[in-house]
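Below you'll find the structure, written out as structure tokens, and then a few comments.
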Ligand code: DLL
């Protein structure tokens with residue numbers, strides 16, 4: 001097994017606790033000098049002296065997306081603007097984006113953490129990384145780019161889109177690693193299989209996919225279609241960008257880079273911390289970031305933590321794959337549904353394409369869920385009765401697995417829009433949504 005920084009990646013819990021405690025104390029001391037934070041800490045009645053260990057984090061106030069909106073664009077930056085060398089932003093669904101900044105040191109730390117992740121995924125300086133995450137304000141493109149360079153790999157800065165060219169260069173350059181959203185990886189695979197690539201020339205070994213929820217079933221699908229190992233990478237702009245956590249080759253949860261982040265899982269309703277092994281909302285505190293540190297940032301992402309040592313030898317805590325965000329969760333007649341659960345059902349069912357859309361409407365006082373699913377060419381030209389039968393069987397499968405009755409609408413091949421970045425899975429037509 002290869003590590004970029006073996007010492008930290010395999011630290012004992014005690015060592016890690018000590019390191020986190022020291023870094024947390026230094027962070028709080030530093031933030032107490034920033035007017036925004038001093039005010040917030042005072043409101044909660046905490047002084048730097050109250051933070052003596054990593055456990056004392058529970059005395060600190062939470063930060064929410066609303067706090068970032070209220071201080072748009074740089075009210076929460078902790079250094080003068082002249083020390084900020086880069087800004088990124090995440091596109092909110094409505095209104096102004098969330099804006100984050102990085103100092104020179106932050107950029108180095110980020111590159112280093114991304115290199116660590118790529119090494120976990122099995123890459124080295126010998127790899128040719130085709131980076132199809134979008135370049136720009138989105139953190140995916142540049143985050144992966146700097147990481148690949150820090151690792152010493154060869155990076156092909158494709159950005160998202162231009163699929164024919166992606167496939168051409170993938171063959172000509174002998175790309176060994178593909179980085180993009182799982183949705184785009186699926187779209188590219190579809191185009192590759194539709195003709196246009198000489199599979200002899202495809203040298204891909206690993207895909208590092210993230211930026212949106214995807215199921216384990218989708219992982220298998222991508223691994224088969226590309227003949228690769230598909231690795232899950234997680235992160236968010238507010239906390240860093242990609243590189244907060246990544247799977248190793250054991251593919252058994254994502255290692256969180258705990259020397260730079262303290263992670264907690266809380267009950268999203270009450271805000272109370274939950275014990276390891278329980279499912280809840282991920283909360284991150286960045287320990288080393290200079291320009292835009294975050295204190296107990298509520299991600300709205302749902303996961304579970306496991307502290308046992310991984311087979312790879314790493315002791316860094318593992319988070320289970322994020323199945324969805326609290327704000328992506330649909331409540332259909334009282335039942336909680338995440339798009340990724342529907343995805344698993346469809347893929348395990350195996351008779352449709354893995355392209356789907358959840359359409360929610362209010363009929364009278366009831367919420368109505370329709371699942372649009374694409375079928376293959378051959379299926380679509382099949383007899384109507386065959387399709388009706390498929391609809392019926394899928395409907396009963398969804399009912400038995402998810403516990404909700406949904407209408408299944410089989411749609412023509414290629415009729416659900418493909419995405420080159422993050423997929424849009426939900427069309428919510430309910431009033432006020
Ligand atoms: O998506 C950063 C990133 C880029 C991660 C490239 C991985 C690869 P944002 O645009 O701020 O940042 O979106 C962050 O995306 O809170 C999650 O809801 C979701 N997300 C990110 N990675 C995963 C993943 C980037 N592996 C939001 N699984 C997060 C599930 C993910 N959801």
Discussion item. Using Cβ contacts closer than 10 Å as the measure, can you line up 422, 29 from fewest to most?
Written reply: 29, 422
Worksheet item: Alpha carbon centre of the stretch 5-37 versus the stretch 48-97: separation in Å?
Response: 17 Å
Item to complete: Work out, step by step, the length gained on full extension between residue 69 and residue 359: first 0.36 nm times the residue separation, then minus their alpha carbon distance; give nm to one decimal.
Response: 101.5 nm
Fill in: Within the chain, helix-based [θ] at 222 nm, where runs of 4 or more DSSP H residues each add -39,500 (n - 2.57), nearest 500
-9500 deg cm²/dmol
Worksheet entry | Estimated distance in nm for a label pair at residue 137 and residue 395, the labels positioned 7 Å out from Cα along Cα-to-Cβ | 4.3 nm
Worksheet, complete the sentence: Under the 7 Å Cα-to-Cβ spin-label approximation, residue 164 and residue 306 lie apart by a distance in nanometres of 4.5 nm
Fill in: Sorted by Cβ density within 10 Å, fewest first, the residues 91, 344
91, 344
Worksheet item: Hey, what did the stretch 1-327 get for relative contact order, percent, Cα under 8 Å, at least 6 apart?
Response: 17 percent
Fill in: Gaussian network model of the chain, springs between alpha carbon atoms under 10 Å - residue of 359, 244, 99 with greatest fluctuation
359
Worksheet item: Roughly how many Å is it from the Cα centre of the stretch 399-433 to that of the stretch 237-260, as a whole number?
Response: 29 Å
Worksheet item: Given the Cα-Cα distance of residue 126 and residue 108 and 0.36 nm per residue of separation, how much length would full extension add, in nm?
Response: 4.4 nm
Worksheet item: Which whole number of Å³ per residue matches the convex hull of the alpha-carbon atoms in the chain?
Response: 146 Å³
Fill in: Using alpha-carbon coordinates, inclination of helix 182-193 to the longest axis of the chain, degrees
40 degrees
Worksheet entry | Modelled FRET efficiency - R0 45 Å, residue 96 with residue 200, Cβ distances, 0.05 increments | 0.40
Discussion item. Only bridges whose two residues both fall in the chain count here: according to DSSP, what percent of them are antiparallel, nearest 5?
Written reply: 60 percent
Worksheet item: Normalised by the residues of the stretch 305-433, what does the relative contact order come to in percent, with Cα pairs under 8 Å and at least six apart?
Response: 24 percent
Worksheet item: Taking neighbour Cβ counts within 10 Å as the exposure measure, how do 82, 221 sort from fewest upward?
Response: 82, 221
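No value in this document is a laboratory result; all are computed from the given coordinates. Since this is a predicted model, take the numbers as computed values, not measurements. All Cβ positions, glycine included, derive from the backbone under ideal geometry; neighbour counts span all protein chains shown.
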